[in-house]
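See structure below.
Every number in this text was worked out from the coordinates using simple rules, so none of it is lab data. All figures in this text were calculated on a predicted structure; none of them were measured in a lab. Here the Cβ is made from the backbone with ideal geometry for all residues, glycine too, and neighbour counts use every protein chain on show.
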Amino acid sequence: MTQTGLAPAIPLADTEGTRTGPWSMTPEQTQYPGEQSDSQTDLQLVRKVRNGDRSAFDLLVLKYQSRVAGIISRYVYDSQEVLDLTQETFVKAYRAIGRFRGDSAFYTWLYRIAVNTAKNYLDARGRRPQGSADVAEAEAFEEGARLRDPASPERLLQREQLQQALSQAIAGLPEELRSAFLLREYDGLSYEDIARILDCPIGTVRSRIFRARDAVDRHLGPLLNHTESM
Amino acid sequence: MDDRLRETLSAMMDDEADELSVRRLLSHPDQHQVQEQWRRWQQIRDVMHPGPASSGRVDAHGLDVIAGVREALDGAALDRASAAASDAPAPARHRWRWSAAALVMLSLGVGFGAGAGWESGDDPVVQDVALKGLDQEQWAQMNRYLLEHAQHNSVGAGRGSMGYARLVSVAGHAY
């Protein structure tokens, strides 16, 4: 936390506020196709966090940090500010997690905290959320977003390398592993549905997806070790 | 981390792990290993689905805030602990309340102990220490007091009835 510092614990009304802004996509729009919005794993982890298990919260941070940063960067240009506000979002979420009632998905709840954290930050500095409310304009802006990001050339190269390596890794997978993995990741099917489609037991699907993931991980190797603080 | 556990972690990525498996993963002694594997697989997923993470003005792929979040939470916990420590010397006006409360607790404990066991005669050491040197009149007074005390307790609270029950049921030396 270098710039924004820690705000005091915010009331839930604030974190779940109904404010909408020009860049407010719905949480569902930022959900991966392979993910269910009412993730049972998230709820299990939240329960653990409530019981004082910090490592469970670490898993939630690792899972959602990129997406939260993506949400915040719709409001804030500066990458350091994005980093700080992402951090602040998780700290607020941790402090307020006892009040998370589970009425909505954890990610939806986190999404609201992120949006309000970004808006409060801009309000506190007398800045309006930047950009236009017009959806088409917003889309056009997003098209060019990478070019406007000051860190883009290097990051874009890394991303391209990663994506190339990923494509190669997936192409190199044995057919049965690839099918299961892609049905899961791109089509978002459950293990049960995949088992039905591939006509094999659920345990086999589970094992194939794991092996596919593991093979891709090994193929990407050092490219994934590079974690950035932006 | 063995392959079985990694397979469970993979299922957890897909929301297909049961609660017991999640618990087993979280209780794994090397959490760093678990988190590192989780991080890598999440990164792969981020690359496969570039939308959300790069939907803003800043490309958020590969961003890592976990150390900062931990630091912030640890720092806040430390601040709270030190604030509590600095508040430790209680204001003078509260001190007597604690002392009084302690005295009340002590006397209640002694009274309850007396009601519960001293009169039973089961413990000759206690009887020797507490009741040594009482004459017959003092014994009678003590018995009346204990009986009244136990009766009073038995009306107000369930725990007191035990003392009373024991007191009236024991055919000790005093009765």
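Does a label point 7 Å from the Cα of A:Thr204, set along Cα-to-beta-carbon, have any residues of the range B:1-45 with amide nitrogen under 14 Å, and which are they?
Output list for this probe position: empty.
Within the range A:160-230, which chymotrypsin sites (Phe, Trp or Tyr not before Pro) sit in a loop by DSSP and count at most 13 neighbouring Cβ atoms inside 10 Å? Could you put the intermediate results ahead of the total?
Numbers: sites: A:Phe181, A:Tyr186, A:Tyr191, A:Phe210; in loops: A:Tyr186.
Sparse-neighbourhood loop chymotrypsin sites (Phe, Trp or Tyr not before Pro): A:Tyr186.
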